[in-house]
Amino acid sequence: MKHVNVGLFVPHNGCPHQCTFCNQRAISGQSKQVTPADVDEAVKIAMNNPDSKGGEIAFFGGSFTAINRDIMVGLLKAAYKYVENGSFKGIRCSTRPDAIDDEICRILKFYGVTAVELGAQSMNDEVLLLNHRGHTSQDVINASKMLKSYGFELGLQMMTGLYGSTDKDSIDTAKKIIALKPATVRIYPTVVLENTELATLYKSGKYQPETVDSAAELCAKLLLMFDEADITVIRTGLHSGGGVEGEYIAGAYHPAFKELCEGKIYLNKVIEYIKENQIPQGKITIYVVPDAISKMTGQKRCNIIKLREMGYDAKIAADSKTGKYQLYIIRNEEL
């Protein structure tokens, strides 16, 4: 069953650094501090949906445990009463790796927090320094281990295409994240937004962002890595809406970015299958799990078009016995 979650953004407050890429107002669509009354209002709206039971109340914004302690506790109290009465199953928050310690963990545990996401972004210390993250890769490791020792579900967030970063850095970051064994991961390709240092670097020619296509190709590899490690990727690419479109300058932003990535995965799998099985050109049928038909087809039928350019007239069909990112091909000589 799909549950309804309540998401509350706590934008920028408490963050001691200004990362090169950060424009919280554009990302969250708001700038004012969230209050306990806002929590009550958001929860009551969500509870009108019968699927809200079993969902989570989430505090996002990237620095939740670094905000004023009284404000943080006030928000947790407001949310916790809905966990206590069974309306929601737990509370989730996102924060910085250097804003986790024993005291914070005890507070979060006391007020019913069940999952904590850390903005690792990169596990390359030079990249972290260039982007003014204000923490190290060791901070990510230490915070991850501490959160797991307290029994929290661990989530880790990473970014591709950061200033000074390479595709290899992103692959290495994914490997190091996998070693920490989080339950969930979010992958965010870097997007250049107005009123950021990255915008200045881009306009001066000192930073070249990823294209949508290059980012999708890289993130397709990352998705496979996490899938093989049995780690759930709960988000790939920035959410549409908020103020992103209005502040967007350049970079890998697409409202259906994950579908682009998964389309790349399936196309690459087909090409690999064709080569390994030496399938001659002609008419073929590609079988995938039912909910992957659109991904295999590709947006605007791009995968079908690419295969046609390679000499294959492809049809897509469903086979519920195939698994995620799995497929097989039959050559249709009689067609």
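Data table
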item: Selection within the stretch 69-94 - within 22 Å of A120 (Cα to Cα) and either hydrophobic (A, V, I, L, M, F, W, C) or surrounded by fewer than 20 Cβ atoms within 10 Å (Cβ to Cβ) (or both); result: M72, I91, C93
item: Options C93, C105: the member that is in the same structural domain as V39 (by TED's automatic domain parsing), within 18 Å of the chain's Cα centre (by Cα) and at pLDDT 95 or above; result: C93
item: Selection within the stretch 290-300 - at positive phi and exposed (fewer than 13 other Cβ atoms within 10 Å of the Cβ); result: K300
item: Single unsatisfied condition, G134 versus (1) surrounded by fewer than 19 Cβ atoms within 10 Å (Cβ to Cβ); (2) at pLDDT 95 or above; result: (2)
item: Meets criteria (out of contact with any helix residue (DSSP H, G or I) (no Cβ under 6 Å at 6 or more places or on another chain) and under 17 Å from V116 (Cα atoms)) for S144; result: yes
item: Qualifying residue in the stretch 276-290 (condition: in the same structural domain as E194 (by TED's automatic domain parsing) and more than 24 Å from D227 (Cβ to Cβ)); result: no
item: 1 or more residues under 21 Å from V127 (Cα atoms) and without any contact (Cβ under 8 Å) to a residue 60 or more places away in the chain: qualifying helices (runs of 4 or more DSSP H) within the stretch 167-280; result: 167-179, 197-203, 212-228
item: Test: residue in the stretch 155-167 that is in the same structural domain as A199 (by TED's automatic domain parsing), under 17 Å from the mean Cα position of the chain (by Cα) and under 21 Å from K109 (Cβ atoms); result: yes
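The rows are residues; the columns are (1) assigned to a helix (DSSP H, G or I); (2) farther than 27 Å from S144 by Cα; (3) of a type outside the set (V, I, T); (4) touching a helix residue (DSSP H, G or I) at 6+ places or on another chain (Cβ under 7 Å).
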residue: K44; (1), (2), (3), (4): yes, yes, yes, no
residue: N48; (1), (2), (3), (4): no, yes, yes, no
residue: A58; (1), (2), (3), (4): no, no, yes, no
residue: D70; (1), (2), (3), (4): yes, no, yes, no
residue: V83; (1), (2), (3), (4): yes, no, no, no
residue: F88; (1), (2), (3), (4): no, no, yes, yes
residue: S94; (1), (2), (3), (4): no, no, yes, yes
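The values are calculated or read from the model by the stated rules, or taken from the named source; none is laboratory data. Predicted model, so just to flag it, every value in this text is computed and none were measured. FYI the Cβ positions are ideal-geometry reconstructions off the backbone, even for glycines, and counts take in every protein chain you see.
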